[in-house]
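The values are calculated or read from the model by the stated rules, or taken from the named source; none is laboratory data. Keep in mind it's a predicted model, so treat the numbers as computed, not measured. Neighbour counts run over all protein chains shown; Cβ positions are idealised from the backbone, glycine included. Surface accessibility is based on the protein's heavy atoms, side chains included, excluding ligands, DNA and RNA. Shrake-Rupley method; radii C 1.70, N 1.55, O 1.52, S 1.80 Å.
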Amino acid sequence: QVQLVESGGGLVQPGGSLRLSCAASRSIFSFNRMGWYRQAPGEQRELVAIITGGSTHNYADSVKGRFTISRDNAKNTVYLQMNNLEPEDTAVYYCNAVTMIYGTNFWGQGTQVTVSS
């Protein structure tokens, strides 16, 4: 079993920044990819950003140029740096990891991000 623990959410004004962290309970080298998804009230969960074991990045069009995903292998942690936040970014953000073997998905408990003046 894998535990993913997110942190770093909160309330921020439009144009502000937040950095989310996702700490895994085992080496992130065991994952084919890790990523961040978000779900706003009444909406489906959507992909925000993913990073592969080879550090290839992919981003949703709505966050390109504003968000950056990164990983610290020594800390088994993946980050999401969010800049120039907009009210439309308000959602619960979830960390996701997909194992290399079997392609099993694991999810964190989510962290709330609210962008409001």
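When you scan the range 71-86, do you find a residue that is of a type in the set (Phe, Trp, Tyr) and touching a Leu at 6+ places or on another chain (Cβ under 6 Å), even just one?
The answer is no; no qualifying residue exists.
Looking at the range 37-66 only, could you name the residues that are in contact with a Phe, Trp or Tyr (Cβ under 6 Å, 6 or more places away or on another chain) and touching a residue at least 40 places away in the same chain (Cβ under 8 Å)?
TYR37, ARG38, ARG45, VAL48 - these are the residues of the range 37-66 that are in contact with a Phe, Trp or Tyr (Cβ under 6 Å, 6 or more places away or on another chain) and touching a residue at least 40 places away in the same chain (Cβ under 8 Å).
Mind checking which residues of the range 41-90 are at positive phi and not hydroxyl-bearing (Ser, Thr, Tyr)?
GLY42, GLY65, ASN76, ASN84
Applying the selection to the range 67-103, what residues are in contact (Cβ under 8 Å) with a residue 12 or more places away in the chain and among the hydroxyl-bearing types (Ser, Thr, Tyr)?
THR68, SER70, THR77, TYR79, THR90, TYR93, TYR94, THR99
Pick out, from the range 60-117, the strands (runs of 3 or more DSSP E) lying fully within it that include 2 or more residues that are open to solvent by 60 Å² or more (accessible area, probe 1.4 Å) and either modelled with pLDDT of 95 or more or in contact with a strand residue (DSSP E or B) (Cβ under 8 Å, 6 or more places away or on another chain) (or both).
It comes to 105-107.
So which residues in the range 1-22 are within 11 Å of the chain's Cα centre (by Cα) and of a type in the set (Gly, Ala, Ser)?
Of everything in the range 1-22, those that are within 11 Å of the chain's Cα centre (by Cα) and of a type in the set (Gly, Ala, Ser) turn out to be SER7, GLY8, GLY9, SER21.
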